[in-house]
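What follows is calculated from the coordinates using simple rules that are stated; it is not laboratory data. Everything numeric here is computed off the predicted structure, so don't read it as measured data. Every residue, glycine among them, receives a Cβ derived from its backbone with ideal geometry; neighbour counts consider all protein chains shown.
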Amino acid sequence: MTGYVIRRLLLVIPVVWGALTILFILFFIVPGDPVELMAGASGRAVPEATRQAIEQQFGLDDPIIVQYGNFWKRTLTGDLGTSYASRRPVSDILGETFPNSLRLAIWAIIIETVIGISAGVLAAVRQYSFADGLTTVITALAASIPVFVLGFLFQQVFGVFPNEQGWPEWARMPVQGTPEHWNFFLFPSASDWRYLILPMIVLASVGTALVARMTRTTMLEVARADYMRTARAKGLNERKVVLRHGLRNALIPVVTLIGLDLANLIGAAIITETVFNWRGMGRQIATSIFRRDAPVVLGLTLVLVVAYVLINLLVDLSYGFFDPRVRVGKEKS
Amino acid sequence: MAISVPDRSLAEEHVGGAPPVGETDHSVAPPTPRGDIWRRFKRNRLAMVGLVLIVVIVLAAIFADFLTTGQPGKVNPADANQRLFSPGHPLGTDRVGRDLYTDVLYGARVSLRIGIFAGLIAASIGIVVGAISAFYGRWIDTSIMRFTDILLSLPYILIALAIITVVGPGERTVILVLGLLGWMAIARVLRASILQVKETEYVDAARALGASNRRIIFRHILPNTIQPVIVYTTLFIGAAVLSEAALSFLGVGVQRPTPAWGLMVAEGRRSLANYPHMLFVPAIALSILVVAAVFVGDGLRDALDPKLK
């Protein structure tokens, strides 16, 4: 087991290396001059002396291969570089935006799993019932509306409209902004809750639909398994049969989906955070790409890629919990 | 024009994937695999609804010239901000007076082109890569799968943004970017199912009969492993249409004057408070197309999977 984990951890290295190399090359050929960005002269000519000073400070006059080497040298020592646009260390920007994104993502994943799995199980248990049809239609709809449209609709319906109608304070949702104070990392203090609700639901919407559909499908497959009949035959009540024997086996592909969907979640977060002006990594990355602020994009992406790979490792390891047959390392003994 | 591709029933078109059968006459009593698949697909009500919707959208796209009188994407400030059902503009106009009815019909062409071509690119790359990986195995397999891992670990929207800032936005860029970033799941699925089929007796038998590698691949293995690829590609077409909307929202999607549904939705958001129809008209068209693709994809999956009878 330990050997397996170590081997999997080592596999993180080529993935992270490859991902960042692709981005580095992309950013090296992106048109636009970081010097202009730093000198604050959008479009205006930068004095030659200033240009040389900046190029030297950031090593921009070196050939690409040297820059690439330097990029890894400093990244490996934990230095993520300095933003071209704001001249702030990328690690500061990361420290500011990472917790906010993590909170939003955790809440979205909680909604995805709780609502998605419950809806999927309900739909499967009562296959072809009204509830099943309703779940199918709602999930298909949720997965087919662009994230930003859902975001704007929510802002309009729960924020702008109640405001115009002069509804009481608690019924009006703020449409922009991030909670300032958090308790136990995850819980916004009292009134800040209302900043979280809309972006959280919007971000969770696509994933919830996918999880519900996947749970339904795998539950239906599992329902035909012999062990389900055995469980019923030995007199277990239906609830136990469905939850302990059915759901637990059906969850493996669902958990895989949640892990793989993480990349989509990050993509959706870029949009959701932009729509709701949420001070997270997604919004930061979107802005930085447009500003050609390569150090920020590369630094934040590094964190995203590492998180993605580690979570998928956890997903693989969790198979053993759901299905004893795939417990790693046992096959040899 | 390429948009005529899904005009035929998707189920019919894709049964090229079924094992070769000499006779495909549907009325003959013993059901052929092709007829069998179509029969099961037909039984799925949602899938049929999806198929009909797609056919309607395709027809609208093909006959846009006859169904409209205006010119797509034509700005006409005198007619700006017309509401639904206003004279001459059944679906209203947008902020600069483009007729939404005209633009939605012509936009169907663009959105379908994006979905289908991106889907074809993704499927072609996915099939080639997945097949190579499964056949050659060993270090080729390992390095290809590691490379797919790398691409999967990067949020596609991030690479798309970076690539588009390099080559400039536009319909062609959107198609290329979505196609080039969408093949990984297809390659993985195909690889997994080839690895299963490779071990079956009929492949051994073909090899024992002296069939060439090429023959084994194209006659025996691909027809039996292509089904999940078809399903994935159908679903991907919907996803690509949605991605166009996301890219347009960020300002790097299709550019005016070309009307694409995602672009129109992204433009309509600015008028949501006063003229909601500018967002809803293209958004509903877009969602119908995506939902239809999902329904058809699901229907195909159930129809192609003999276990789920």
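Before moving on, here are some points about what is shown:
- Summed over qualifying helices (DSSP H, 4 residues or more, each -39500 (n - 2.57)) and divided by its residue number, chain B shows a 222 nm mean residue ellipticity of -21500 deg cm²/dmol.
- Evaluated with a Cβ-only charge set (Lys, Arg +1; Asp, Glu -1), chain A carries a dipole of roughly 1540 debye about its Cα centre, given to the nearest 20.
- Taking 7 Å steps out from each Cα toward its Cβ at A:LEU9 and A:ASP62 produces label points 3.0 nm apart.
- If you plug the beta carbon distance of A:LEU186 and A:LYS240 into 1/(1 + (r/R0)^6) with R0 = 35 Å, you get a FRET efficiency near 0.65.
- Both the radius of gyration and Dmax for the protein assembly as shown are 26.1, 86 Å, in that order, over alpha-carbon atoms.
- Charge dipole (the range A:115-247, unit charges on Cβ, about Cα centre) - positive-most of A:MET228, A:ASN183, A:PHE154: A:MET228
- Of the DSSP H helices in chain A, those whose Cα atoms cover at least 27 Å axially and whose Kyte score averages 1.6 or more: A:2-29, A:294-322
- Summing +1 for each Lys or Arg and -1 for each Asp or Glu among the other residues whose beta-carbon sits under 14 angstrom from that of B:TRP183 gives +1.
- Gap separating the Cα centres of the range A:290-305 and the range B:184-233, nearest whole Å: 40 Å
- Label-to-label distance, nm, for residues given as A:ILE138 and B:ASP141 (7 Å Cα→Cβ offset): 4.3 nm
- Summed side-chain charge close to A:GLY299 - residues other than A:GLY299 whose Cβ falls under 13 Å, Lys, Arg +1, Asp, Glu -1: -2
- Chain A: mean projected area of Cα convex hull, nm²: 23.2 nm²
- Taking amide hydrogens as placed 1.01 Å from N in the peptide plane, the amide H of A:THR82 sits under 5 Å from those of A:VAL90, each at least 5 positions away in sequence or on another chain.
- Compared with the dominant principal axis of the Cα atoms in chain B, helix B:222-249 is inclined by about 20°.
- Simple rule: put +1 on each Lys or Arg Cβ and -1 on each Asp or Glu Cβ in the range B:35-308, find the dipole, and look at B:SER133, B:VAL241, B:GLY115; the Cα lying farthest toward the positive end is B:SER133.
- Test item: Cα-centred dipole of the range B:35-308, Lys/Arg +1 and Asp/Glu -1 on Cβ, debye: 360 debye
- Measuring gaps between exposed loop sites in chain A (chymotrypsin sites (Phe, Trp or Tyr not before Pro); DSSP loop; at most 15 other Cβ atoms within 10 Å), the longest gap, sites not included, is A:186-333.
- Calculated over the range A:197-277: convex hull of Cα atoms, volume per residue (Å³): 81 Å³
- Helix axis angle, B:277-304 relative to chain B longest principal axis, alpha carbon, degrees: 10 degrees
- Note on the protein assembly as shown: with charges restricted to the Cβ of Lys and Arg (+1) and Asp and Glu (-1), its dipole about the Cα centre is near 1720 debye.
- A cut-off of 5 Å between modelled amide H atoms, ignoring neighbours fewer than 5 places along the same chain, links B:SER86 with B:GLY92.
- Cα gyration tensor shape of chain B, rounded if a/c is under 1.5, else prolate or oblate by comparing a/b with b/c: oblate
- Top positive-direction residue, dipole computed over the protein assembly as shown with Cβ charges, set B:ALA187, B:ALA208, A:PHE98: B:ALA208
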